[in-house]
Amino acid sequence: MNIIICGAGKVGFSISKQLSAQGHSVTVIDQSSEDIKKINDTQDVKGIVGRATLPSVLENAGAEKTDMIIAVTRNDETNMIVCQLASSLFNISKKIARIRTKDFLEGKWGKLYNKSNIPIDVIISPELEVAKSLYRRLEAPGALDNVPFGKNKVKMLEISIEKNCPIKNIPLKKLTEKFPDFKANILGAVRKDKFVYLKKNDQMLEDDNVYVVISSDQLNPILKAFGHEEKIAKNVLIIGGGNIGLQLAKMLEENFEDVRIKIIEKNKQRAEEIANELSSSIVINGDALDEEILKEANLEGSETVLALTNDDENNMMACVLAEKTGLKKRTIAIVNKTNYNLLQDSLNIDDLVDPRMTTVSRIMEHVHRGTIGTVYSLLDGEYEFIEAKISDKSELINKKIRDSNLPDDIRIGAIIRKEKVIIPRSNFIFEKNDLVVFLAKREELKAVENIFSVGAI
């Protein structure tokens, strides 16, 4: 496909990198000559310095022959205008925009987005997506991440292999012998910062982060098998009452009646605003690094602490302070600087969340063709978890997995057939309309589209 990306910040940079690696023809537009130079120097894409809201700049970027435009500049209005121009002047078929401002996203103004008004096909709200990601983590205590597929019938869990894990150092083929109720597919692991596929003779090792595909009704038994019997936290402390913190608190209030939520927000006006929007959460105005404020928020009694401010250093410091209380608690921090990941273990922080990759994964979900759905990216998009429906023209129909000639870098996790979840073995036979959840290396995504015989955008 021919794709234009407007915005060369962290999100735009990551998207262009992934799309280029997948073989798409990518052009990136940004007013920053420095950002464009960085892209031109490091990626096989075309970078253009200019305002994406100017028709001449879009024309120069090849808009007349473009299949998709992705507007991820720092300005909502710019992203909306880009999509309008893409539709009205260049008839670009698919338009994706990142929109942050609450007024543009909620209530009666939602009718703005249609062919007659502002023709945006997909709106991505980064703060909402990050809040959803954090909620999923809290929903599955013991897992580093919890990603739904097939309308939540299937889950992909990221689980850290700890010292006390009862199934570490056991060949995968023997797991079902020792644990007959173990219904899961262990597809691979990040080991010493590199991804490795795990085959039946391989073992999970301490400090691995493994990726497991399960039927959603097996969530608790599988976590227990890995040595995790933690309960959903009853006392949650959120540091930072921005859009992410507010959205997360709303989700927790709506879904967990017995969870007690406290929020520390430094800005007095913002603290008052979010207090009015929440029903049961307690909002405290103050500095989260202040000892008295932390006492008032009952830091010591909090089971989970989430640091969600715009300041990476403060987020990490808040998690460190939480650990120093002496009582075991889960700590999660939002961190935008990727090199801070190197400090995670030494600071004893349970989980660092990169908002950029959450947004990128959500956008990539809408880039793939036809019947290819939900995407979860690993290692900056080098690998992706995907769901895809088998069309009536697919070469997979009536073939066993072992005879299907799937590329070596594709691993099948689960099948959904007529509402039933199947964890398949090598003799499983594909049928038309099967929804397949699998892991693929990004270089294989064109092959994936061909194998599943997906339709055009």
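The values are calculated or read from the model by the stated rules, or taken from the named source; none is laboratory data. The structure presented is a predicted model; accordingly, all values stated were derived computationally and were not measured. Please note: Cβ atoms are built from the backbone with ideal geometry, for glycine as well, and neighbour counts cover all protein chains shown.
Being within 26 Å of the chain's Cα centre (by Cα), crowded, with 16+ Cβ neighbours inside 10 Å, β-branched (Val, Ile, Thr) and within 22 Å of ILE118 (Cβ to Cβ) narrows it down to one of VAL57, VAL11, so name that one.
VAL11 is the lone residue from the list that is within 26 Å of the chain's Cα centre (by Cα), crowded, with 16+ Cβ neighbours inside 10 Å, β-branched (Val, Ile, Thr) and within 22 Å of ILE118 (Cβ to Cβ).
Restrict the check to the stretch 98-116 and report whether at least one residue is modelled with pLDDT of 90 or more and either in contact with a strand residue (DSSP E or B) (Cβ under 7 Å, 6 or more places away or on another chain) or buried (at least 17 other Cβ atoms within 10 Å of the Cβ) (or both).
yes
Got at least one residue in the stretch 412-431 being modelled with pLDDT under 85 and farther than 19 Å from VAL147 by Cα?
No, because not a single residue in the stretch 412-431 is modelled with pLDDT under 85 and farther than 19 Å from VAL147 by Cα.
Need the failing condition index for ASP44 against (1) under 27 Å from the mean Cα position of the chain (by Cα); (2) in a helix (DSSP H, G or I); (3) surrounded by fewer than 21 Cβ atoms within 10 Å (Cβ to Cβ), just the number.
Against the list (1) under 27 Å from the mean Cα position of the chain (by Cα); (2) in a helix (DSSP H, G or I); (3) surrounded by fewer than 21 Cβ atoms within 10 Å (Cβ to Cβ), ASP44 comes up short only on (2).
Hey, among the residues in the stretch 66-79 that are closer than 12 Å to ILE96 by Cα and of a type in the set (S, T, N, Q), which one's surrounded by the fewest Cβ atoms within 10 Å (Cβ to Cβ)?
Out of the qualifying residues, it is THR73.
Among the residues of the stretch 250-258, is there at least one that is outside any strand (DSSP E or B) and buried (at least 23 other Cβ atoms within 10 Å of the Cβ)?
Among the residues of the stretch 250-258, at least one is outside any strand (DSSP E or B) and buried (at least 23 other Cβ atoms within 10 Å of the Cβ), which makes the answer yes.
Among the candidates ILE263, ILE293, ILE284, single out the residue that is within 13 Å of ASN235 (Cβ to Cβ), of a type in the set (A, V, I, L, M), outside any loop (DSSP other than H, G, I, E, B) and free of Cβ contacts under 8 Å to residues at least 40 places away in the same chain.
Answer to the check: ILE263.
Could you list all residues from the stretch 378-392 that are more than 14 Å from GLU444 (Cα to Cα), in contact with a strand residue (DSSP E or B) (Cβ under 8 Å, 6 or more places away or on another chain) and at pLDDT below 85?
LEU378, LEU379
If you go through the stretch 168-186, how many residues are part of a loop (DSSP other than H, G, I, E, B) and hydrophobic (A, V, I, L, M, F, W, C)?
The qualifying residues number 3.
Could you say which residue among VAL375, VAL353 is more than 22 Å from LEU198 (Cα to Cα) and either free of Cβ contacts under 8 Å to residues at least 40 places away in the same chain or within 19 Å of the chain's Cα centre (by Cα) (or both)?
After ruling out the rest, the residue left standing is VAL353.
Could you list, in sequence order, all residues of the stretch 393-412 that are among the basic types (Lys, Arg) and touching a strand residue (DSSP E or B) at 6+ places or on another chain (Cβ under 9 Å)?
Within the stretch 393-412, LYS399, LYS400, ARG411 qualify.
Of everything in the stretch 307-339 that's assigned to a helix (DSSP H, G or I) and either among the aromatic types (Phe, Trp, Tyr) or free of Cβ contacts under 8 Å to residues at least 12 places away in the same chain (or both), which residue is nearest to ILE264 (Cα to Cα)?
GLU313
Being crowded, with 20+ Cβ neighbours inside 10 Å, assigned by TED's automatic domain parsing to the domain that holds SER88 and more than 17 Å from VAL360 (Cβ to Cβ) is the requirement here; does ALA63 meet it?
So ALA63 passes the test.
If you check ALA233 against the conditions, is it assigned to a helix (DSSP H, G or I) and either surrounded by fewer than 21 Cβ atoms within 10 Å (Cβ to Cβ) or of a type in the set (A, V, I, L, M, F, W, C) (or both)?
It is false that ALA233 is assigned to a helix (DSSP H, G or I) and either surrounded by fewer than 21 Cβ atoms within 10 Å (Cβ to Cβ) or of a type in the set (A, V, I, L, M, F, W, C) (or both).
A quick yes/no check of all residues on (1) outside the structural domain of THR325 (by TED's automatic domain parsing); (2) among the aliphatic types (A, V, I, L, M); (3) within 20 Å of ARG137 (Cβ to Cβ):
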| position | (1), (2), (3) |
| --- | --- |
| ARG260 | no, no, yes |
| ASN285 | no, no, no |
| LEU294 | no, yes, no |
| ASN298 | no, no, no |
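Listed here are the residues, each with its yes/no results for (1) within 19 Å of MET357 (Cβ to Cβ); (2) at pLDDT below 90; (3) assigned by TED's automatic domain parsing to the domain that holds ARG402.
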residue	(1), (2), (3)
TYR135	yes, no, no
ILE159	yes, no, no
CYS165	no, no, no
LYS178	no, yes, no
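Specify the residue that is surrounded by the most Cβ atoms within 10 Å (Cβ to Cβ); the eligible residues are those in the stretch 348-373 that are over 17 Å from GLU444 (Cβ atoms) and modelled with pLDDT under 80.
Restricting to residues being over 17 Å from GLU444 (Cβ atoms) and modelled with pLDDT under 80, the top hit is GLU365.
Do you know which of the residues in the stretch 180-202 that are touching a helix residue (DSSP H, G or I) at 6+ places or on another chain (Cβ under 7 Å) and of a type in the set (A, V, I, L, M, F, W, C) is modelled with the lowest pLDDT?
Filtering first and then ranking leaves PHE182.
Output the strands (runs of 3 or more DSSP E) that fall wholly within the stretch 60-167 and possess 2 or more residues being of a type outside the set (A, V, I, L, M) and closer than 30 Å to ARG417 by Cα, or say none.
The strands (runs of 3 or more DSSP E) meeting that bar are 145-149, 154-160.
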